[in-house]
Each structure stands twice: as structure tokens, then as C-alpha cells.
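The structure appears below as C-alpha cells.
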Number of protein chains: 2
Amino acid sequence: MSLLHGDPELARALACVRSVARRDFLFAGAAVAAGAVIPTGALAETAAQAAKPAGEVTDEDRQYMAMALDRMREAGVVNKTGGPFGAVLVLDGKVLAVAGNSVMRDSDPSAHAEVNVLREACRKVGSPHVDGAVLYSSCEPCPMCYSVAYWARVGKIFYGASYADYGDLFDDSNIAKDLNLPYGQRHIAVQQIMRPEAQKVWEEFRQLPDGARY
Amino acid sequence: MSLLHGDPELARALACVRSVARRDFLFAGAAVAAGAVIPTGALAETAAQAAKPAGEVTDEDRQYMAMALDRMREAGVVNKTGGPFGAVLVLDGKVLAVAGNSVMRDSDPSAHAEVNVLREACRKVGSPHVDGAVLYSSCEPCPMCYSVAYWARVGKIFYGASYADYGDLFDDSNIAKDLNLPYGQRHIAVQQIMRPEAQKVWEEFRQLPDGARY
């Protein structure tokens, strides 16, 4: 991981390798796709991807996390823009964005610190992707934040506090558990209607030579 | 569900009941919390919440879904602002927001149709919550979108196409499966550092009489 900070060329090369791995992963995932209800742990049993050991932690990693903790305190304790959550987004050894949670200030349920830094960083690079970037979050990312990081092709996430440290105050761990339930038992009732009409638009999209894919 | 469209008073009363249920749910969730690694299906075995049967579908529901499908086509086929995904957000029988996916146009990995309508609706009501609102999505919401709906206290989600209809093109179902894996096997490497420092900020936050909680 320390190499990513010091060598932009290597970082780009790694991002390229990772992009290929991602497509392989996509293919492997498609092979076990099983309809509308998510099979709990289905991929866990079939994943070819080996467990990744925890990596080396550098002084720079600790400095970036300290910045995230500063923003955590600022957001939750000092300015009260939202809950006490902060994040930093680093790409090729450069800080692209630093932000705190601003859910209350912005009346935006998605304005978690991690989403805020990813939005800002992507705006700066002019792409919805920051391949191989490192996300430092003061707290364990909720499923929304992890998913945005996935869509943005973040390469690594460091986090500080655990769900268990604030599970009585915020719904992060409840959402993670809720996502494991079949739709009929979810916190939000989820129901499918008009699938054939939606499939027609997909057919049309698939015939485009230049559809917006990402 | 049709009652929600016709009777704002009843909708508010239901939202109030739901808010209490949410706190009970939060408490039940805390009781089975189990640290940093999410136990697959833990809540599934302990949930007191009974399975909800699929509800009645009204002509209004179909009209709102048709609007979402129009935006799906506009976003993915006509204007190509992003993938073919559209959404509509309805509160108390009124359309608060209609949007398509704009990930490519906005260079924003979080700009899915569902997130776009929730952000716009919340801005309009001046709150990060739209208690009991109904979300119509052209396609099965990805974990990011479901989570934003959860944070925003959406009451019901209708969706059209299934993950399986576009699993070869977009990562939605892969992210759902990835969230079930322990951190060591995730698509993004996730590592905890400096937890004690983060816990100190939580201690400070807990002593505030007026901390921003949501």
C-alpha cells in the first residue's frame, strides 16, 4: 500500500491490473446470479478470490486517518453538520478530498463523509471512477458508503471505529443485517411490478452501439 | 398502500407508528450486534419481524412506475446521462421528484436514479427524512440505493426489472453478494486502524446534550 503513495506510475499499473481482475470477478459473479432474492452467502461458497491478509500500515496511512478523525470531530461535535463521521480520499499519494458528514446541514440522507469525499474527488478528476484510490474513514462504512466506493472503484478502505461503537445511535449495522433478509422480511417493503415493460427498455439499450455503461 | 396516496393524515399517523417500530427494530438489532465482521444471516434467524406479503398494486402505482420507466429510457437511451435507470419519489400522494441515472453526466458514482430522487425530495422538504414515502424504481435498487432509502425512512419500494436482467452489464448483484463476505475476502480490501482514537471522539459526542443524531 505504501507503494501506492510513492509511485504514481506503479499505482496506475496496479489500477490496470485491478480493472482486469474486476471484469473476471464480474463474470464469476454472473455465473452464480440467482434472480431477485439475494442468496445469503452464495458467493462466499464459490468465490475464487483468496482472502486478503491485512496489509502494512504506513505513517502516511495514520496521518490520513488522523485527518479523517479531525473531520469526524468537526462534523459531529464542533459544527454539528451531521453525525460524527469524517473521511479522506487519496489517489496516487495526493489528497483529493476531505469531508465530514453533512446529512443534517444539507438535508441529504446520502451525505455521509465517505460519499461526500467520493463525490468531490470524482468531480475533480471528471470521472465517476477513482481507480485504486484509498478511502480513510473515521468509522466503519455503512453499506451505502461501501457500495459507492465499489462503484467508484476504490482500491482500499481503512476505517477507525466499529459499528459496535455506535450501534445504539445509528442504523449502520442494522442496514447491513437488513440487506441479508429476503425482500418479504425487509425493514422496507420491496415489491416487483411491470418487469416486462422494464425489460423492453433494456432490450432497446442493448441494441445501442454507444450506450452509457460504467 | 392506496390509502397512503389518498389520506395525508393517515399517512402521517402510519409514519409515526413506523417510527416507533423503527426504534424497536434498532434495539433488537443492537442485541445481536457482533463486532466488525458482519455475521451472515444473523438477524434472519432472530428477526421478530414477520414476513410481509406483497401488497395491493393500484392504478396510481402503475402510473408512477410508468413515469420511472420513461426516465429510465431517457437516461440510458435518449440523453445517455448514465445507465438506463429511472425513479419517482411519492410522498402523501404527491410526486416530490422524478429523475434518471446521471452517473456519467455528473461524474458522480452515487448519482443513481433512486439517490437522485431521494436527494431532491429531501431538499424540498428540508429534512434528510421522507417518512413513509414510496419509491418507484425502474430496476431493482442496488445496495447503495436501498441503504439511502433506509436512511431516508422510505416506507415502500416498487421496482421493475431484476438484477438478472442486467447482471452482465452492471455490478448491482455483485455488490449485494460482496457485502455478504467477510472483509478479508471483499472486492475492496477493508482494514481497521486507530480504533481507540476514533472511540475517543465517540465518547466526546456522547457527552453532548444536543449532538446531531438522525
Practice problem: Answer yes if at least one residue in the stretch B:55-77 is outside any helix (DSSP H, G or I), more than 22 Å from residue B:214 (Cβ to Cβ) and modelled with pLDDT under 95, and no otherwise. | Solution: yes
Quiz item: What number goes with the only condition from (1) buried (at least 20 other Cβ atoms within 10 Å of the Cβ); (2) within 19 Å of residue A:159 (Cα to Cα) that residue A:109 does not pass?
Solution: (2)
Quiz item: Considering A:119, A:186, which residue is closer than 30 Å to residue B:65 by Cβ and surrounded by fewer than 23 Cβ atoms within 10 Å (Cβ to Cβ)?
Solution: A:186
Practice problem: Just give me the residues in the stretch B:153-164 being facing another protein chain (nearest Cβ under 7 Å) and of a type in the set (D, E, K, R), in sequence order. | Solution: B:156
Practice problem: Find the residue count for the stretch B:165-214, including only residues that are within 23 Å of residue A:62 (Cα to Cα), facing chain A (nearest Cβ under 7 Å) and basic (Lys, Arg). | Solution: 1
Quiz item: If a residue has to be part of a strand (DSSP E or B) and touching a Phe, Trp or Tyr at 6+ places or on another chain (Cβ under 8 Å) to count, how many in the stretch A:90-102 make the cut?
Solution: 3
Practice problem: Restricting attention to the stretch B:127-145, report how many residues are more than 16 Å from residue B:95 (Cα to Cα) and either at the interface with chain A (Cβ under 7 Å from one of its Cβ atoms) or touching a Cys at 6+ places or on another chain (Cβ under 7 Å) (or both). | Solution: 7
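The values are calculated or read from the model by the stated rules, or taken from the named source; none is laboratory data. All figures in this text were calculated on a predicted structure; none of them were measured in a lab. Note that we place each Cβ from the backbone using ideal geometry, even for glycine, and neighbour counts take in every protein chain shown.
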